[in-house]
Amino acid sequence: MEAAHKVDQLRGKTPTLELHPVTQLPENTNCLACSEDGRYLCLGHSQGLSVWCASSLICVSECLQDSLEITSVQMSRIGEMTYLLGTVDDMGVARVFAHHFDTIHLLGVINVMKDINKRSICLTFELYKEGYYGAASLSCNDAVWLEIYRFPSAVWLEELERALSRKQDPNSSGDVDVKWAPVALMMKIKPPKIPTGRAFDGPPEASQITEYLTHCLALDAIMNSSRQRQKSSFNAETGKTKEENESPRRCTQHFLLPCGHFPCSSEAKPGLPVAVAVWWSGSQNLLQYVLQKAAKNKAADVEPMPVVLWPNAKEILCSAASRCTRYIALGLDDALVCVWDRLSGAPLPVVLVPVENSAIIRMQFVDCWSVSPGDSKTLAAEKVHLLLQCKSGEIHTVTTGRGTQSCTMQLTERPEDNRDLPSVIMPVPFLQGLSLVLQRNGKMFLQDVINKTTVCFLTLPTIHLVTTPCSPVYALNTKQQTLFIRGDQDSSCSVTSEDSSQSQLFIFRFRESDIIKQYVVSHPDSPRQQQILSYVTLQESCNAYLWQRALSAAERNKDIRKTWERLQETAAKLQQKQ
């Protein structure tokens, strides 16, 4: 009751804004996704797919099938009126659809079941922007691997146009099945393992690099096996050993744009990723692979080797990539944060987050719009801002950069009630320094991560609640600056009609609120200014790095003096205790 009273007091000072119901949702709507241009809203539900106009919220196309329950959906624009839809259903099957001129076409199934005993299940499926690449994490019989795909977007556009022409032709005999161009598998990446001897053809320098990478990957596999064995616990009273099931390794990937002097494919196109960064649960290494077509004469069972290995002192728990993909942030064990700068090839100062007995489980970059596009072309002493969520529920911000002093700030304390734990923490791209926070108890609010203040609360009407607050169904339209979220009838309220008991789509337009208008900012649609970084040579990168080191010498000397003073103070306290 005291906690509720404190919240009520807080809400008395902080404004509360109400979301408006706009329309009913299809039965069991599990996921929402907005197109990059803000035109469409895609819904995945228990009967398939629906695509709505994001402005009028009128259904423009749908693909309905009784046995098709979509649990995850993404949209990626590949043409003026053409969008790829990447879905995963409740059976773990990933599919690629196309929404073309108000019609949905099934282009292909990612994990086709050829053998019932070897049925692969899709754990995650990602479409990269503009629909050129995709990544799927698959599992089969306790084996887990990552597959990277290249989508024939240009060919699909031609095939879709031909299909539309046949449909509009009055002399056509009706619908004709189209054999769509197949998805190309670029590479299949498996967790690191202890390698067997394999010959390598190439110059001695390349052979040494390969041996080094193989050695690091072997150590990674050995350390992961050791961690799995340590999960077995011994009971001294009973004298029995309790074996825990070995959990399969999960992977996380980030598509990377051109940056620095690192290797990339000769087939790279401007504005498209040239590499993918991958790390596996239980690993300390971040691996970078080049995106290129698999050689026709290459054996299918030959695994690709990473071209770059980013070693870390502790196990990786979570990660995030900046919009320009120059920076890759890693949340490590023991509350450490390491940010790798791909332009210099070196990490920024490692930061220790002051949190006790809690691991970092999620991190995101916060863009405060303090850096102009031209500043990113050099190794300038810019700051990187991160928003961290810990397992205990604490939220921290981290600011670091080369030549600058790193600092951390705690935004929220560890909640006493598990219902107050955050389930969603999402920086809002068009609101300067604001993040949307949604807690397990259904409360939503916008938080100023710079000034540590709550800007406003967002609530649904009294007779509705946020659906599954632990895993809410929502989408953010960055173009129209609108939040969509699913809400259900409160079970404690009497239902007057069948329609009122159905799920509702609620909407909040940020620009319509005078409280939030002051935070609205404009920003570029995509980080294309980073393309110039792909032409930086190794010598130029080294010169820029040394130049930056010289500029930051005074600041680094100041940090060394402060560190030495803290060490002396700690030593004095330890002597007093002894």
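The values are calculated or read from the model by the stated rules, or taken from the named source; none is laboratory data. Since the model is a prediction, treat every value here as computed from it, not as a measurement. These area figures cover heavy atoms from the full protein model, side chains too; ligands, DNA and RNA do not enter into them. Shrake-Rupley method; radii C 1.70, N 1.55, O 1.52, S 1.80 Å.
Pairs spanning more than 20 Å between alpha-carbon atoms, out of 118/188; 118/190; 118/193; 129/479; 383/517: 118/193; 383/517. Computed on region 53-116, with alpha-carbon pairs under 8 angstrom and 6+ residues apart, the relative contact order is 24 percent. In terms of its C-alpha gyration tensor, region 399-451 comes out oblate, because a/c is 1.5 or above while a/b does not outweigh b/c. Shape of region 298-348 from its Cα gyration tensor (a ≥ b ≥ c, root eigenvalues): rounded if a/c is under 1.5, otherwise prolate when a/b > b/c, or oblate? Judged from the Cα gyration tensor, region 298-348 comes out prolate (a/c at least 1.5, a/b above b/c).
The Rg/Rh ratio for region 1-129, using Cα coordinates for both the radius of gyration and the Kirkwood hydrodynamic radius, is 1.13. For region 110-156, with all protein chains present and a 1.4 Å probe, just round the carbon and sulfur fraction of the accessible area to a whole percent. The computed percentage sits at 52.
In the context of the full protein assembly, residue 409 retains an accessible surface of approximately 60 Å², using a probe radius of 1.4 Å and ignoring ligands and nucleic acids.
In region 1-122, Cα pairs under 8 Å separated by at least six residues give a relative contact order of 15 percent.
Ranking 110, 463, 507, 515 from most to least accessible surface, computed with a 1.4 Å probe over the protein chains only, gives 463, 515, 110, 507.
For 464, 215, 385, the ranking by accessible surface with the largest value first comes to 215, 385, 464, using a 1.4 Å probe. Heavy-atom accessible surface of region 1-139, averaged per residue, reaches 47 Å², computed with a 1.4 Å probe.
Computed 3J(HN,Hα) for region 442-457, one whole-Hz value per residue from the Karplus formula 6.51 cos²θ - 1.76 cosθ + 1.60 where θ = phi - 60°, is x, 7, 10, 7, 9, 10, 7, 6, 8, 9, 6, 10, 8, 6, 6, 9, glycine and proline marked x. Let me make sure I get this right: for region 376-520, a, b and c are the square roots of the gyration tensor eigenvalues over alpha carbons, sorted descending. Under 1.5 in a/c it's rounded, otherwise prolate if a/b > b/c, else oblate. Which is it? Prolate.
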